[in-house]
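Presented below is the structure to which this report refers.
We did not get these values from a lab; they are worked out from the coordinates using the rules stated. Small disclaimer: the values here were computed from a predicted structure and weren't measured. With ideal geometry, Cβ positions are generated from the backbone for all residues, glycine too; neighbour counts draw on all protein chains shown.
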Amino acid sequence: MHTPLSEEIAHTAARLVVEEGLEWGPAKRRAVRQLGLPARTPLPDNEQLDAAVREYIQLFCADTQPRELRALRQLALVWMERMAAFRPHLAGAVWQGTATRLSDIYLQLFCDDPKSAEIALIDHHVDYEPRTVTGFHGESVEALSLASKSPELQEMIGVHLMIYDLDDLRGALRPDAKGRVARGDMTAVRRLLQETELP
């Protein structure tokens, strides 16, 4: 049951996600503050926010967003090819189709040895910063964050390589109740790029 209040929070959060590139959790919390609501106000679920973000993009960014999304997916594929040894999967807004030029790219790597991905970046002379991000079960995950230039957008884009254990890959591709998969491998990303050839 979506209440009018949760709808309002979702729409405010959607604007923050699209216009400011905020992640969903922080966007929901900031929307509550912006609307002057108590901190304990129930937040809209991710499905509701996803719908609000798609609606916002349709209304305000329909002419720019498809090209920006495509450029981000192309850049994601470049990094997936570079990190192919670690079974990379694209997740987040770039995979789901709600990304704009303000969105970062989230790649999930599934490694036997977590240090091996870091060594690969060092071998490629890539500057990166190790950090901890929230993983797909809400747990803390090691990530290697770097900035990479998108030739199409002529901008630096944040790329986060999230390090998972090889065993985590098994449950990673199960679809949700709506049949959507939360991440995709290189073949899936190439297919998305083929399906969305721009005129």
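Structure summary
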quantity: Charge dipole of the stretch 29-179 about the Cα centre (unit charges at C-beta), most positive-ward option of 100, 135, 120; calculated: 100
quantity: Residue 78-residue 61 pseudo-label distance in nm [points 7 Å out on the Cα-to-Cβ vector]; calculated: 2.0 nm
quantity: Normalised contact order of the chain, rounded percent, pairs of Cα under 8 Å and 6 or more residues apart; calculated: 19 percent
quantity: The chain: angle of helix 4-20 to the longest principal axis, Cα-based, in degrees nearest 10; calculated: 40 degrees
quantity: Residues residue 166 and residue 187, FRET efficiency given R0 of 22 Å [Cβ-Cβ distance, rounded to 0.05]; calculated: 0.70
quantity: Magnitude of the charge dipole, the chain, Cβ model with Lys/Arg +1 and Asp/Glu -1, debye to 20; calculated: 360 debye
quantity: Cβ-based net charge around residue 71, under 13 Å, with every Lys or Arg adding one and every Asp or Glu removing one; calculated: +2
quantity: Tilt relative to the chain, helix 65-82 - C-alpha long axis, 0 to 90 degrees, to 10; calculated: 30 degrees
quantity: Degrees separating the helix 24-34 axis from the principal Cα axis of the chain, which is the longest one; calculated: 30 degrees
quantity: Charge dipole of the chain about the Cα centre (unit charges at C-beta), most positive-ward option of 189, 79, 49; calculated: 49
quantity: Cα-centre dipole for the stretch 1-94 with unit charges at Cβ (Lys and Arg positive, Asp and Glu negative), debye to 20; calculated: 320 debye
quantity: Using a Förster distance of 22 Å, the FRET efficiency for residue 173-residue 152 (Cβ separation, nearest 0.05); calculated: 0.20
quantity: Given charges at beta-carbon only (K, R positive; D, E negative), |dipole| of the stretch 44-138 in Debye; calculated: 240 debye
quantity: Principal axis dimensions, the stretch 65-195 - Cα atoms, whole angstrom, descending; calculated: 39, 36, 24
quantity: Linear extension gain, residue 112 paired with residue 20, 0.36 nm per residue minus alpha-carbon span; calculated: 29.5 nm
